[in-house]
Amino acid sequence: MTTVLQARPGGFVSTPAVERIATRALRYLQSGFSVHLRGPAGTGKTTLAMHLADLLSRPIMLIFGDDEFTTSDLIGNQSGYTRKKVVDNYIHSVVKVEDELRQNWVDSRLTLACREGFTLVYDEFNRSRPEVNNVLLSALEEKLLALPPSSNRMEYVRVHPKFRAIFTSNPEEYCGVHDTQDALMDRLITINVPEPDELTQQEILVQKIGINRSDAQVIVALVKAFRARTEADLASGLRSCLMIAKICQGHEIPVAPEHPDFRDTCGDILFSRTRRPLPEATAVLWEIMNGLFLAEEPLPPTAAMVELPTRDVLSGNGATAFVSEVYTYLCQSGGASLAEIEQRLQINRLQAVEALRSLVAQGILMRSGDLIAVVPKDNQL
Ligand SMILES: Nc1ncnc2c1ncn2[C@@H]1O[C@H](COP(=O)(O)OP(=O)(O)OP(=O)(O)O)[C@@H](O)[C@H]1O
């Protein structure tokens, strides 16, 4: 039996970045085009596709691309028989028997969506072989879906004007996906869905998992730093963030880099997502964790305003961007906690920590136990 999904609103987190993509996609759908959302795993393509389908307010047919698919999985096939037997004994000496055997045609999801004007969400469509998807070409362009020849039904379905299709796909270098055929791509409007920005990821953690914002910030910054340093960039970090947040929330594990359960959870989730050897990945994660932990402590007041070194000197090789801003703020404020630095300079935890580390490395700030202080200018390296 073919199941029709009804729109299930709620659960979709919208931020300005997500909204921009959704608005564009909806515009194209409303103009009668089908849309293709393309991007790495876990960037939110399926969630966005279902959200767009909700907005179209039509029943939804969902198909998942599969290498084993045949054309009949998309359009339908003959299934079972109807048998009709008529015995005519009107004249007692004559018995006439008519026996008719008919195959039944069962629509599959694409055919039903085309016929009834539903919204088709074809998730990861390039996992199906390209030739199987060829039936879509005439449905999208000529608005006719061709069915196999038959004597007892129409061989074409005229596509309902409200029919729309939303496709999603992973990049072609992914394992298990096929090349997308040019003719199909030419009939779609493709939107590249990038890794959600940090604000979006934080918002999704806060709204979906229910953790507080500062914990969401720490998790997102931590996963981002780990991925950047281990080149684990094939998939988005969002799923890892959601997993860490959900486990911490469900088991009351503090989102604190010094807490052993938090460290273990992050390790279990992140190590398998990089191709770096385990000892190297472990060293990177602990280094990032230690950086976050030390910087968690409030900074001490500074004695006096110190002349501001130039940005070039402060930022060294350019790897750390907010060094001079952090330094200026510390000198002017006479001391600040990490959260205050982030808030005041509108930077994230990782950027603040990296800037502080750079200042310590250059001898402009010094660490004394858990505290960090400004070194008087005369004593600077
Ligand atoms: N805007 C959003 N609102 C709420 N949750 C989201 C949003 N975007 C992504 N998510 C969540 O992030 C996770 C990954 O999203 P999703 O499955 O849509 O990604 P995808 O790009 O389709 O991944 P894949 O290519 O692996 O199928 C899911 O748990 C999803 O609920």
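Structural remarks
- Hey, Val284 touching a Cys at 6+ places or on another chain (Cβ under 6 Å) and either more than 16 Å from the ligand (Cβ to nearest atom) or at pLDDT below 90 (or both) or not: no
- Those residues of the stretch 239-258 which are in contact (Cβ under 8 Å) with a residue 24 or more places away in the chain and in contact with a Ser or Thr (Cβ under 7 Å, 6 or more places away or on another chain), in sequence order: Ile244, Cys248
- Filtered by the rule that a residue be part of a helix (DSSP H, G or I) and either away from the ligand (no atom under 14 Å from the Cβ) or in the same structural domain as Gly39 (by the TED database) (or both), the stretch 225-243 gives Ala225, Phe226, Arg227, Ala228, Arg229, Thr230.
- Against the list (1) modelled with pLDDT of 90 or more; (2) of a type in the set (Val, Ile, Thr); (3) more than 17 Å from the chain's Cα centre (by Cα), the condition Ile191 fails is (3).
- Members of the stretch 22-38 that are within 12 Å of the ligand (Cβ to nearest atom) and surrounded by 21 or more Cβ atoms within 10 Å (Cβ to Cβ): Leu37
- Restricted to the stretch 40-66, and to residues there that are among the small types (Gly, Ala, Ser) and surrounded by 21 or more Cβ atoms within 10 Å (Cβ to Cβ), the residue that is nearest to the ligand (Cβ to nearest atom) is Gly44.
- Of the strands (runs of 3 or more DSSP E) lying entirely inside the stretch 129-224, not one is found with 1 or more residues being on the phi > 0 side of the Ramachandran plot and outside the structural domain of Thr70 (by the TED database).
Residues are listed down the side, and each one gets a yes or a no for (1) crowded, with 21+ Cβ neighbours inside 10 Å; (2) basic (Lys, Arg); (3) within 16 Å of the ligand (Cβ to nearest atom); (4) not assigned by the TED database to the domain that holds Pro171:
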residue: Ala245; (1), (2), (3), (4): yes, no, yes, yes
residue: Gly250; (1), (2), (3), (4): no, no, yes, yes
residue: Ala256; (1), (2), (3), (4): no, no, no, yes
residue: Ser272; (1), (2), (3), (4): no, no, yes, yes
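- Every listed requirement among (1) among the aliphatic types (A, V, I, L, M); (2) over 16 Å from the mean Cα position of the chain (by Cα); (3) modelled with pLDDT under 90 is met by Ala232 save one, (2).
- Residues that are surrounded by fewer than 20 Cβ atoms within 10 Å (Cβ to Cβ), among the polar types (S, T, N, Q) and either within 14 Å of Gly39 (Cβ to Cβ) or within 15 Å of the ligand (Cβ to nearest atom) (or both), drawn from the stretch 201-224: Gln207
- Complete set of residues in the stretch 138-148 that are buried (at least 16 other Cβ atoms within 10 Å of the Cβ) and modelled with pLDDT under 90: Ala139, Leu145, Ala146, Leu147
The values are calculated or read from the model by the stated rules, or taken from the named source; none is laboratory data. Keep in mind it's a predicted model, so treat the numbers as computed, not measured. Virtual Cβ from ideal backbone geometry, glycine too; neighbours counted across all protein chains shown.
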